Amino acid sequence: MTLLTTAEEISDIAFGFMGSKALFAALHFGVFTHLAERPMTAEELGQAAGLPAERARTLLTAVASLGLVSVEDGRFANAPAAEAFLVKGAKYDFGDYLRLQVDRQMYGLLDQIEPALANRLPEDATGSYAEWFSDPEQARIYSESQHAGSLGPARGLAKSVDLAGARTLLDVGGGTGAYAITLCKANPDLAATVVDFPNVAALGREYVAEAGLADRVSYVDGNALETDWPAGQDSVLMSYLFSGVPGEEHDRLVRRAYDTLTPGGLYMVHDFVVDADRTGPKLAALWQLQHTAFTPTARSLDEATLADMMTGAGFEGVEVREMIPGLTMLATGRKPG
Ligand SMILES: C[S@@+](CC[C@H](N)C(=O)[O-])C[C@H]1O[C@@H](n2cnc3c(N)ncnc32)[C@H](O)[C@@H]1O
């Protein structure tokens, strides 16, 4: 962590939201997808995106200042990162995740951060995932974006954990099944049960059917903190569950995972987890703050606390390592066999 020394560095943080909005607006108007066809002038881009030329120029200048596009002879072109990650249909495109979940949902929720921190969130504010996803449309926007965003990390997890010999997986808070589907595809003997809220589970069943895995991936509809989980699991995954539940539930979730696992079973926790010395990583710390805006009793979990909880519950060989660079960590441990 570098300590700041100048006013400009503070301004960069303070005005960071303008850069976020420039990126989101460019995504909403398909700027990077249009520029993937060919470099364009502001007039040409305006015509393609349905924007008045002067406003297209203002938006293009803003994203150029951020390094998302280059300018040569009055023509704007995608920077390499924009071309790889923000063009619709590109292999690693996560534009829709940013545009829908982050801009349309998370951005507005962060307005609640002050009352959430001060413990005076109004009655009608979104105060938990359970409340938020009781609205089917909110559950859909969120879950579709999350699914797309989680497929890549799920493929990474499938490569990095040993599920050979495991026949069952319980994916608690598993969303629309990005992980369950990917892990089942990578491990032909594996069958998965996903626990999530009914409006998410309904969408998840569609993804599972589309993947041709309806006979191997099933759903338990409900609040994972209240509902029963199927016993005798060879593996349990909780990906981004801890960050969205009250911190006081963490220990109970770890112990329930232990009780649910068969001897030798593998427990995996993937989430925004910060370093034990609380210096970062920056994006993990900021995502924890973001979750506090709509789950005020969420806790900023650090790697040492997570490892201690798992070891304390009886898990062996507990390891916590980085998963998505600068963003998430993966903790693993086995129930003694
Ligand atoms: C960020 S998404 C992650 C989905 C999936 N695990 C992944 O990594 O792609 C968080 C998920 O946890 C679910 N969730 C949060 N709290 C829950 C609870 N108390 N019971 C069941 N599901 C919960 C949400 O509905 C959502 O699908």
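The values are calculated or read from the model by the stated rules, or taken from the named source; none is laboratory data. Computed from a predicted structure; not experimentally measured. Positions of Cβ are generated from backbone atoms using ideal geometry, with glycine treated the same way; all protein chains shown enter the neighbour counts. Just the protein is used for accessible areas: all its heavy atoms, side chains included, with ligands, DNA and RNA removed. Shrake-Rupley method; radii C 1.70, N 1.55, O 1.52, S 1.80 Å.
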Those residues of region 85-116 which are under 22 Å from the mean Cα position of the chain (by Cα) and exposed (fewer than 14 other Cβ atoms within 10 Å of the Cβ), in sequence order: K88, G89, K91, Y92, G108, D111
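So is R167 more than 12 Å from the ligand (Cβ to nearest atom) and open to solvent by 10 Å² or more (accessible area, probe 1.4 Å) or not?
yes
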Region 133-143, subset surrounded by fewer than 18 Cβ atoms within 10 Å (Cβ to Cβ) and closer than 20 Å to W287 by Cβ, residue nearest to the ligand (Cβ to nearest atom): Q138
Leading residue by the ranking (farthest from T328 (Cα to Cα)) among those in region 267-306 that are open to solvent by 50 Å² or more (accessible area, probe 1.4 Å) and within 16 Å of the ligand (Cβ to nearest atom): T297
Region 1-32: number of residues that are of a type in the set (D, E, K, R) and closer than 25 Å to A49 by Cα: 1
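Name the residues in region 321-337 that are under 17 Å from Y258 (Cβ atoms) and under 23 Å from the mean Cα position of the chain (by Cα), would you? Steps first, answer last, please.
As a first pass, look at region 321-337 and keep what is under 17 Å from Y258 (Cβ atoms): 331-337.
Result: A331, T332, G333.
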Output for region 184-225, where each listed residue is small (G, A, S) and open to solvent by 30 Å² or more (accessible area, probe 1.4 Å): A186, A191, A202, A209, A211, G212, A214, S218
Qualifying residue in region 166-180 (condition: modelled with pLDDT under 95 and either among the hydroxyl-bearing types (S, T, Y) or over 26 Å from R255 (Cβ atoms) (or both)): no
Residue among G204, G177, G212 that alone is at positive phi and touching a strand residue (DSSP E or B) at 6+ places or on another chain (Cβ under 7 Å): G177
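Among the listed residues G337, G317, G264, identify the single one that is open to solvent by 20 Å² or more (accessible area, probe 1.4 Å) and at pLDDT below 95.
Selected residue: G337, the only one of G337, G317, G264 that is open to solvent by 20 Å² or more (accessible area, probe 1.4 Å) and at pLDDT below 95.
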Which numbered condition A130 misses (of (1) crowded, with 20+ Cβ neighbours inside 10 Å; (2) near the ligand (Cβ under 8 Å from one of its atoms); (3) in a helix (DSSP H, G or I)): (1)
Residue list for region 176-232, filter: assigned to a loop (DSSP other than H, G, I, E, B) and within 11 Å of the ligand (Cβ to nearest atom): T176, G177, F197, G222, N223, A224, L225, E226, T227, W229
